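Structure first, then comments.
The values are calculated or read from the model by the stated rules, or taken from the named source; none is laboratory data. Quantities reported herein were computed from a predicted structural model and do not represent experimental measurements. Cβ coordinates were reconstructed from backbone atoms using ideal geometry, including for glycine residues, and neighbour counts include every protein chain displayed. Note: areas computed on protein heavy atoms with side chains; ligands, DNA, RNA excluded. Shrake-Rupley method; radii C 1.70, N 1.55, O 1.52, S 1.80 Å.
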Amino acid sequence: MKPVILASQSPRRKELLLRCIDSFLIDVANVDETINPNKEIEFEIIRLAKDKARAVFERHQDCIIVAADTMVVLNNTPLGKPNNREEAKDMLRTLSNNTHQVLTGLCIYDHNGPHTHLSVSDVTFRNLTEEEIEAYVNTGEADDKAGAYGIQGKGGCFITHIDGDYYGIMGLPIAKVATMLQEIRQ
């Protein structure tokens, strides 16, 4: 059986992939993650996942590569990882009392090329106070997360409703990963 490599340094993706398979390697893809504003965001999320998977596959052509990219989108505007604490606060203010989408592009790459999937989930936030936003940003949890929050952490307290894949929101839709890996390995 071919080894699996996770093309990510995300501790969340590592934790989630361990729910699907017992062992894998990690090799981080260094790719430009700039979104082309002239293309559909759904296309761009899949493209980023494919770029990551392809970059790692070029170094490990005898392996199966798992890569993903997650983006928070509100009113067709992507909210990536905040560059600083003020940007994180602005994102949370924008998400407050609104429903947004979390898109996770998944790519599993092997000798047959890319196999892709797009996980789309709707997430509704309750109304957040300035004090809550300030306290949350001060935890540091918002720093490295798309949309400036993590569903699996304290940010989960902001969410009143989810329509979609919880694990996709975390960054890796594990049911789809397990299914795709099973199909690829047959």
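Any chance you could count how many residues in region 32-47 are acidic (Asp, Glu), open to solvent by less than 100 Å² (accessible area, probe 1.4 Å) and part of a loop (DSSP other than H, G, I, E, B)?
1
Every residue, every condition in (1) open to solvent by less than 20 Å² (accessible area, probe 1.4 Å); (2) of a type in the set (D, E, K, R), yes or no:
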| residue | (1), (2) |
| --- | --- |
| 95 | yes, no |
| 104 | yes, no |
| 115 | no, no |
| 129 | no, no |
| 132 | no, yes |
| 149 | yes, no |
| 158 | yes, no |
| 171 | yes, no |
| 182 | no, no |
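Residue 45 passes all but one of (1) aliphatic (A, V, I, L, M); (2) closer than 23 Å to residue 181 by Cα; (3) free of Cβ contacts under 8 Å to residues at least 40 places away in the same chain; which number fails?
(3)
Can you pull out every residue in region 75-112 that is at pLDDT 95 or above and assigned to a strand (DSSP E or B)?
Scanning region 75-112 gives 99, 100, 101, 102, 103, 104, 105, 106, 107, 108, 109, 110.
Can you tell me which of 72, 28 is buried (at least 18 other Cβ atoms within 10 Å of the Cβ) and either outside any loop (DSSP other than H, G, I, E, B) or out of contact with any strand residue (DSSP E or B) (no Cβ under 8 Å at 6 or more places or on another chain) (or both)?
Values: 28 fails: buried (at least 18 other Cβ atoms within 10 Å of the Cβ).
Exactly one of 72, 28 is buried (at least 18 other Cβ atoms within 10 Å of the Cβ) and either outside any loop (DSSP other than H, G, I, E, B) or out of contact with any strand residue (DSSP E or B) (no Cβ under 8 Å at 6 or more places or on another chain) (or both), namely 72.
Does at least one position in region 16-24 carry a residue that is of a type in the set (Gly, Ala, Ser), out of contact with any Phe, Trp or Tyr (no Cβ under 9 Å at 6 or more places or on another chain) and within 16 Å of residue 104 (Cβ to Cβ)?
Checking region 16-24: not a single residue is of a type in the set (Gly, Ala, Ser), out of contact with any Phe, Trp or Tyr (no Cβ under 9 Å at 6 or more places or on another chain) and within 16 Å of residue 104 (Cβ to Cβ).
Just one of (1) open to solvent by 60 Å² or more (accessible area, probe 1.4 Å); (2) within 30 Å of residue 179 (Cα to Cα); (3) over 18 Å from the mean Cα position of the chain (by Cα); (4) not basic (Lys, Arg) trips up residue 120, so point out which.
(3)
I need every pair where a residue in region 155-167 that is over 21 Å from residue 69 (Cβ atoms) and touching a residue at least 60 places away in the same chain (Cβ under 8 Å) has its Cβ under 7 Å from the Cβ of a residue that is open to solvent by less than 60 Å² (accessible area, probe 1.4 Å) and not hydrophobic (A, V, I, L, M, F, W, C), sequence separation at least 6 or different chains.
That search, which allows pairs on different chains as well, returns 158/149; 161/124.
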